[in-house]
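The values are calculated or read from the model by the stated rules, or taken from the named source; none is laboratory data. As the structure is a computational prediction, the values presented were derived from the model and not from experiment. Note: ideal-geometry Cβ built from the backbone for every residue, glycine included; neighbour counts use all protein chains shown.
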Amino acid sequence: MKPPTAQIIDGKLLAEKIILELKAKVSHLAKAPGLATVLIGDNAASTLFVKNKKKACLKVGITFHEYLCGKKDFYPQITQAEILKMIDWLNKDEEIDGIIVQLPLPKKFNTQKIINRIDPKKDVDGFHPDNAEPNSPLIGAIRLALMFPQKNLKDNKTIIVSKNPIFSSPLAQALKKDGLDVTIIKPDDKELTEKLKTADIVISVAGKKYLIKKSMIKKDAIVIDAGTNLMDKNHWVGDVDPSVSQVASYLTPVPGGIGPLTVVMLLKNTYDLAQKNQKNR
């Protein structure tokens, strides 16, 4: 078997450095920032993300408020009207600086309507249409990972593999502003292999285990794996097959790549909102 050639982008290590910086900044605020997380349903990946966010908030001094509507509690009885009412209440709560609704939501809910109900001033995920600049933690994490190679990536052909426009459209918009040549394709595209082979940068947010194979990636491409897939209890893998490390120049691992960076960018957004809110009060 050919040995790996890709340099691993260690998101965990980068995140730990940023957490130390954030902890110092949070300590200088008049009041600890408050982050509210709404989790509906029992999606395994979402449950893990919420757990990791809580842990990270405790590290930097952000107060974490949980609103968990899993099957053991209210879901599937909870209605969309009740969720909207909960968001209205959180919008008015001065203890809360940022609100996040964990995605994906169960299919019976209108995701965009629920996101649109969040006060744009508390939209820590950056998905509200009134927030002109794409600022989601995932976008921040991917941008951070792309800085790791310390290369000029202007005009690099970049392909985002995603079926969800809530993630892919703002990400494409942000990367185009950074000067990249961006295309979005769906995971079930019949020409997936042919298209990916032309890309200098491949970003997968597909949520399909080992979708991206070594044969699909051109030599020395940068590969960003933002997929999270549960194989069995406590065993997570990404969208990218491990063999891709034999042809890529840089690769984010799963776990330990984009995940920790996404959490830390969420904390940064929460701190930024708290700082603004405290100045305006």
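In the stretch 48-62, is there at least one residue being free of Cβ contacts under 8 Å to residues at least 40 places away in the same chain and surrounded by 16 or more Cβ atoms within 10 Å (Cβ to Cβ)?
Within the stretch 48-62, one or more residues are free of Cβ contacts under 8 Å to residues at least 40 places away in the same chain and surrounded by 16 or more Cβ atoms within 10 Å (Cβ to Cβ).
Look through the stretch 199-241, keep the residues that are free of Cβ contacts under 8 Å to residues at least 24 places away in the same chain and of a type outside the set (A, V, I, L, M), and return whichever of them is farthest from LEU48 (Cα to Cα).
SER215
Please return the ranges of helices (runs of 4 or more DSSP H) entirely within the stretch 80-183 where 1 or more residues are aromatic (Phe, Trp, Tyr) and in contact (Cβ under 8 Å) with a residue 24 or more places away in the chain.
So the answer is 165-177.
Being of a type in the set (S, T, N, Q) and surrounded by 19 or more Cβ atoms within 10 Å (Cβ to Cβ) is the filter here; which residues of the stretch 136-182 pass it?
SER136, ASN156, THR158, SER162, SER168
Scan the stretch 228-255 for residues that are assigned to a strand (DSSP E or B) and either within 17 Å of ILE201 (Cβ to Cβ) or not assigned by the TED database to the domain that holds SER215 (or both) and report the count.
Residues that pass the stated criteria total 3.
What single numbered condition from (1) modelled with pLDDT of 85 or more; (2) surrounded by fewer than 16 Cβ atoms within 10 Å (Cβ to Cβ) fails to hold for ALA44?
That leaves (1) as the condition not met.
With respect to LYS157, determine if the residue is in contact with an Asp or Glu (Cβ under 6 Å, 6 or more places away or on another chain) and basic (Lys, Arg).
yes
For ILE203, all conditions in the list (1) surrounded by fewer than 23 Cβ atoms within 10 Å (Cβ to Cβ); (2) in a strand (DSSP E or B); (3) under 18 Å from the mean Cα position of the chain (by Cα) hold save one; what is the number of the exception?
Answer for ILE203: the failing condition is (1).
Kindly list the number of the only condition in (1) among the small types (Gly, Ala, Ser); (2) in a helix (DSSP H, G or I); (3) modelled with pLDDT of 95 or more that fails for ALA36.
(2)
Would the stretch 75-86 turn up any residue that is under 30 Å from MET231 (Cα atoms) and loosely packed, with under 15 Cβ neighbours inside 10 Å?
For the stretch 75-86, residues under 30 Å from MET231 (Cα atoms) and loosely packed, with under 15 Cβ neighbours inside 10 Å: present.
With the checklist (1) modelled with pLDDT under 95; (2) in the same structural domain as LYS176 (by the TED database) in hand, flag the one item ALA145 doesn't pass.
(1)
May I ask you to list the residues in the stretch 163-189 that are of a type in the set (D, E, K, R) and under 18 Å from VAL240 (Cα atoms)?
If the condition is that a residue be of a type in the set (D, E, K, R) and under 18 Å from VAL240 (Cα atoms), then LYS163, LYS186, ASP188, ASP189 are the ones that fit.
Could you look through the stretch 90-109, keep only residues that are out of contact with any Pro (no Cβ under 9 Å at 6 or more places or on another chain) and loosely packed, with under 13 Cβ neighbours inside 10 Å, and pick out the one that is nearest to ASP42 (Cα to Cα)?
LYS107
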